[in-house]
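One structure coming up, written as structure tokens, with questions to follow.
The values are calculated or read from the model by the stated rules, or taken from the named source; none is laboratory data. Please read these numbers as outputs of a predicted model, since none were measured by experiment. Don't worry about glycine lacking a Cβ; one is built from the backbone with ideal geometry, like all the others, and counts go over all protein chains shown. Note: accessible area is taken over every heavy atom of the protein model, side chains too, but ligands, DNA and RNA are not part of it. Shrake-Rupley method; radii C 1.70, N 1.55, O 1.52, S 1.80 Å.
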Amino acid sequence: METKQFKAESKRLLEMMIHSIYTHKEIFLRELISNASDAIDKLYFKSLTDDSVGMNKDDFAIWLSADKDSRTLRITDNGIGMTEEELENNLGTIANSGSFKFKSENKLDEDSQIIGQFGVGFYSAFMVSKKVTVISKAFGSDKAYRWESEGVDGYTITEDDKKSVGTEIILELLDDTDDEKYGEFLDQYRLQSLVRKYSDYIRFPIKMEVTHSRPKEQTEEEKAENKPLEYEDYIEIETLNSMVPLWKKNKNELKDEDYKHFYTEKFYDYNEPIRYAHVKNEGMPSYNALLYIPSKAPYDYYTKEFEKGLQLYSNGVLIMEKCADLLPDYFSFVKGLVDSEDLSLNISRELLQHDRQLKAIAKSIEKTITAELKKMLKNDREKYEEFWKAFGLQIKFGVYSDFGMNKDKLQDLLMFTSSNDSKLVTLDEYVTAMKEEQKYIYYATGESVARIEHLPQTELLKDKGYEILCLTDNVDEFAIKSINQYKDKEFRNVSADDLGIEDTDKKEEIRAKEEENSDMLKNLADALDGKVEKVILSQRLKSHPVCLTSEGEITLEMEKVLNSMPTDQKVHAKRVLEINPEHEIFAKLRAVSDNGDKEKLAKYAKLLYTQALLIEGIAIDDPVEFSNLICELM
Ligand code: ADP
């Protein structure tokens with residue numbers, strides 16, 4: 001008989017299990033029962049549309065049986081079973097298991113924490129067993145197979161004569177040591193309490209033969225003699241779990257930890273959720289839902305691999321693992337499940353998309369999520385900011401995408417970093433704190449808050465005590481542009497030509513000065529060879545010599561973002577080079593121009609333009625030329 005080797009990752013996980021000093025080894029039972037329940041789910045679901053299954057809901061069950069003599073514990077189910085190939089693929093390699101992807105990034109010494117928080121699956125059986133045997137017959141297959149393993153050395157698969165469809169798992173428990181009494185897992189009371197603790201909500205009965213004892217019937221004579229009672233054992237089949245799924249229970253029966261426990265187990269998240277909601281909608285549409293907001297973004301959240309969706313149940317039967325239509329993209333981070341009695345069971349995926357009932361549920365769920373987020377923002381600011389750091393980007397995409405269709409729903413969830421103390425503010429907070437005479441909501445774009453703070457364009461605004469929103473994500477300015485106005489206040493980029501702060505006298509003065517210097521400004525612009533639309537005298541600069549702004553709809557930031565996208569179409573911001581007329585450099589330019597030294601003026605123009613690019617964080621075309629120019633002029 002050939003002994004097969006485990007795949008490398010599986011071997012590691014297996015080693016982790018075998019050498020684990022984890023104290024809650026009892027969770028192996030929960031894992032095996034969950035697998036059994038999933039397998040039954042699959043066959044039950046099939047039975048609803050396929051008569052050849054030949055089973056009714058009441059026929060499905062999970063059985064536990066313990067034998068103290070042979071120190072074995074059996075977990076049997078009449079679920080879908082596994083073919084030879086599935087035994088090989090599912091139990092010989094764990095790489096498919098979603099939770100392991102995360103685990104493999106962790107170190108072995110963190111194993112106990114990982115084991116505690118994750119669903120670690122089938123291999124956890126090796127925490128308590130010296131040998132594990134899985135006998136399985138798949139639905140629709142005429143042969144049964146037996147998978148056996150004593151740990152890392154490998155496993156064997158042979159044919160078996162099991163007649164009924166389903167899976168039987170036999171654990172040969174480890175010998176007791178001074179510290180660990182594995183034999184306790186053969187004790188009926190221990191098993192009963194473990195099932196209640198971890199698997200109570202499993203929707204199929206978990207049955208066990210339980211031995212009770214009762215006093216023997218006494219004869220009249222014995223009674224008269226006052227003979228002491230004798231006891232006898234009898235066996236009864238008991239269902240150990242209450243079978244009511246968590247979401248169908250009354251809210252007042254459930255504790256905070258019940259919800260959190262359910263989440264970490266069911267959704268393989270090692271962190272507790274930041275918020276949850278238990279929805280019981282009685283009206284139209286009628287449904288129960290458990291919705292969770294994770295505290296951290298999954299490692300693949302902002303990638304194409306990430307799949308959004310909620311589990312969908314129809315009256316307690318799982319019909320879809322990830323129903324994407326239940327969540328809008330901007331709430332794709334939400335995990336959870338929906339159970340509705342009104343959904344038809346044998347509906348195909350295609351039809352489901354157009355199902356009116358499902359659409360109504362999705363709408364109602366979206367409302368709930370929005371309301372929960374707003375509540376969190378209002379009552380638990382710290383948590384909301386934590387949430388925002390994990391998923392804010394997604395909400396900002398939501399404001400911008402679909403042509404801004406959802407902006408009204410989402411705008412009050414937005415947060416940006418304020419130039420005041422770099423704290424996060426909402427648009428409402430910004431507008432409420434605006435100075436009386438302040439016309440616009442100001443924002444600046446840049447790589448980081450620190451960089452934005454040093455932008456010359458912000459000087460005058462800060463001088464006036466105006467707050468500036470710092471936009472550091474690519475999508476930010478697009479989101480702001482979609483909103484356009486918030487509470488009657490328009491948004492203004494600090495680089496925009498009209499900031500609404502210019503005092504008219506100064507404006508006139510600068511206009512006049514521009515008039516006087518029009519030849520020089522034109523020469524400067526010409527020297528830049530079409531790189532800028534024009535060169536003007538600035539009204540917004542205080543201490544800096546120059547800055548780069550833009551004219552029209554496309555800003556410098558938008559140009560940067562749009563041109564980094566993989567399309568052929570390139571956009572151009574109309575660049576404007578602003579020169580500070582109060583700065584010494586202006587007098588210097590004037591002098592050079594008056595001398596008629598056109599060549600030198602052109603060099604100055606290039607230098608100032610390049611400087612402005614650097615301040616904006618835009619790559620410069622020719623660093624060598626820039627460097628040469630500096631040396632030359634020095
Ligand atoms: P996970 O449950 O996270 O996928 P497991 O290691 O617990 O990982 O199980 C691996 C796979 O083996 C399962 O996904 C399932 O396909 C299969 N499996 C495990 N137990 C059973 C069972 N009792 N009946 C049918 N299939 C099972």
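Here is a list of conditions, (1) in contact with a helix residue (DSSP H, G or I) (Cβ under 7 Å, 6 or more places away or on another chain); (2) among the charged types (D, E, K, R); (3) not in a helix (DSSP H, G or I), and LYS46 meets all of them except one; can you say which number that is?
(3)
Quick one: SER419 ticks every box in (1) closer than 30 Å to GLU582 by Cβ; (2) surrounded by 14 or more Cβ atoms within 10 Å (Cβ to Cβ); (3) in contact (Cβ under 8 Å) with a residue 60 or more places away in the chain except a single one, so which number is it?
The one condition SER419 does not meet is (3).
Each row is one residue, and each column tells you yes or no for (1) open to solvent by less than 20 Å² (accessible area, probe 1.4 Å); (2) away from the ligand (no atom under 15 Å from the Cβ); (3) out of contact with any helix residue (DSSP H, G or I) (no Cβ under 9 Å at 6 or more places or on another chain); (4) in the same structural domain as THR133 (by TED's automatic domain parsing).
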| site | (1), (2), (3), (4) |
| --- | --- |
| SER20 | yes, yes, no, yes |
| LEU29 | yes, no, no, yes |
| ASN35 | no, no, no, yes |
| ILE40 | yes, no, yes, yes |
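Related question: Which of the residues belonging to segment 491-501 are without any contact (Cβ under 8 Å) to a residue 60 or more places away in the chain and either touching a Gly at 6+ places or on another chain (Cβ under 9 Å) or buried (at least 22 other Cβ atoms within 10 Å of the Cβ) (or both)?
ARG492, VAL494
Still on this model: For segment 612-634, which positions are in a helix (DSSP H, G or I), closer than 30 Å to SER448 by Cα and open to solvent by 70 Å² or more (accessible area, probe 1.4 Å)?
LEU614, PRO623, VAL624, GLU625, ASN628
Being aliphatic (A, V, I, L, M), open to solvent by 60 Å² or more (accessible area, probe 1.4 Å) and within 26 Å of ARG381 (Cβ to Cβ) is true for just one of ALA433, ALA479. Which residue is that?
Just a single option satisfies the conditions, and that option is ALA433.
When only residues in segment 60-91 that are over 17 Å from TYR189 (Cα atoms) and in a strand (DSSP E or B) count, which is least open to solvent (accessible area, probe 1.4 Å)?
By that ranking, first place goes to ILE62.
In segment 58-91, which residues are away from the ligand (no atom under 12 Å from the Cβ) and without any contact (Cβ under 8 Å) to a residue 24 or more places away in the chain?
Those that are away from the ligand (no atom under 12 Å from the Cβ) and without any contact (Cβ under 8 Å) to a residue 24 or more places away in the chain: ASP58, ASP59, ASP69.
Still on this structure, I have one more. Would you check if there is a residue in segment 560-580 being in a helix (DSSP H, G or I), out of contact with any Pro (no Cβ under 6 Å at 6 or more places or on another chain) and of a type in the set (Lys, Arg)?
Within segment 560-580, one or more residues are in a helix (DSSP H, G or I), out of contact with any Pro (no Cβ under 6 Å at 6 or more places or on another chain) and of a type in the set (Lys, Arg).
Something else about it: If we keep just the residues of segment 200-216 that are in a loop (DSSP other than H, G, I, E, B) and modelled with pLDDT of 90 or more, which is least open to solvent (accessible area, probe 1.4 Å)?
PHE204
Exactly one of (1) of a type outside the set (Phe, Trp, Tyr); (2) away from the ligand (no atom under 13 Å from the Cβ); (3) in contact with a Phe, Trp or Tyr (Cβ under 8 Å, 6 or more places away or on another chain); (4) assigned to a strand (DSSP E or B) is unmet by GLY151. Its number?
Tallying (1) of a type outside the set (Phe, Trp, Tyr); (2) away from the ligand (no atom under 13 Å from the Cβ); (3) in contact with a Phe, Trp or Tyr (Cβ under 8 Å, 6 or more places away or on another chain); (4) assigned to a strand (DSSP E or B), GLY151 fails exactly one: (4).
A further question follows. Please go through segment 490-505 and give me each residue that is closer than 19 Å to LEU577 by Cα and either assigned to a helix (DSSP H, G or I) or among the acidic types (Asp, Glu) (or both), ordered by number.
ASP497, ASP498, GLU502 - these are the residues of segment 490-505 that are closer than 19 Å to LEU577 by Cα and either assigned to a helix (DSSP H, G or I) or among the acidic types (Asp, Glu) (or both).
In segment 297-318, is there at least one residue being without any contact (Cβ under 8 Å) to a residue 24 or more places away in the chain, in contact with a strand residue (DSSP E or B) (Cβ under 6 Å, 6 or more places away or on another chain), open to solvent by 20 Å² or more (accessible area, probe 1.4 Å) and closer than 28 Å to PHE387 by Cβ?
Scanning segment 297-318 turns up at least one residue that is without any contact (Cβ under 8 Å) to a residue 24 or more places away in the chain, in contact with a strand residue (DSSP E or B) (Cβ under 6 Å, 6 or more places away or on another chain), open to solvent by 20 Å² or more (accessible area, probe 1.4 Å) and closer than 28 Å to PHE387 by Cβ.
Ok, one more. Condition test on LYS464, is it farther than 30 Å from LYS304 by Cβ, surrounded by fewer than 20 Cβ atoms within 10 Å (Cβ to Cβ) and in contact with a helix residue (DSSP H, G or I) (Cβ under 6 Å, 6 or more places away or on another chain)?
It is false that LYS464 is farther than 30 Å from LYS304 by Cβ, surrounded by fewer than 20 Cβ atoms within 10 Å (Cβ to Cβ) and in contact with a helix residue (DSSP H, G or I) (Cβ under 6 Å, 6 or more places away or on another chain).
While we're on this one: State which residue is nearest to LYS598 (Cα to Cα) when the search covers only segment 524-539 and only residues that are open to solvent by 10 Å² or more (accessible area, probe 1.4 Å) and part of a loop (DSSP other than H, G, I, E, B).
ASP529
Continuing with this model, one more query. In this structure, is LYS197 open to solvent by 20 Å² or more (accessible area, probe 1.4 Å) and at pLDDT 95 or above?
Here the answer is no, as LYS197 does not meet what is asked.
Related question: Determine whether LYS600 is touching a helix residue (DSSP H, G or I) at 6+ places or on another chain (Cβ under 7 Å) and open to solvent by 60 Å² or more (accessible area, probe 1.4 Å).
In short, yes.
Would a scan of segment 169-181 turn up a residue that is outside the structural domain of ASP269 (by TED's automatic domain parsing), within 16 Å of the ligand (Cβ to nearest atom) and on the phi > 0 side of the Ramachandran plot?
no
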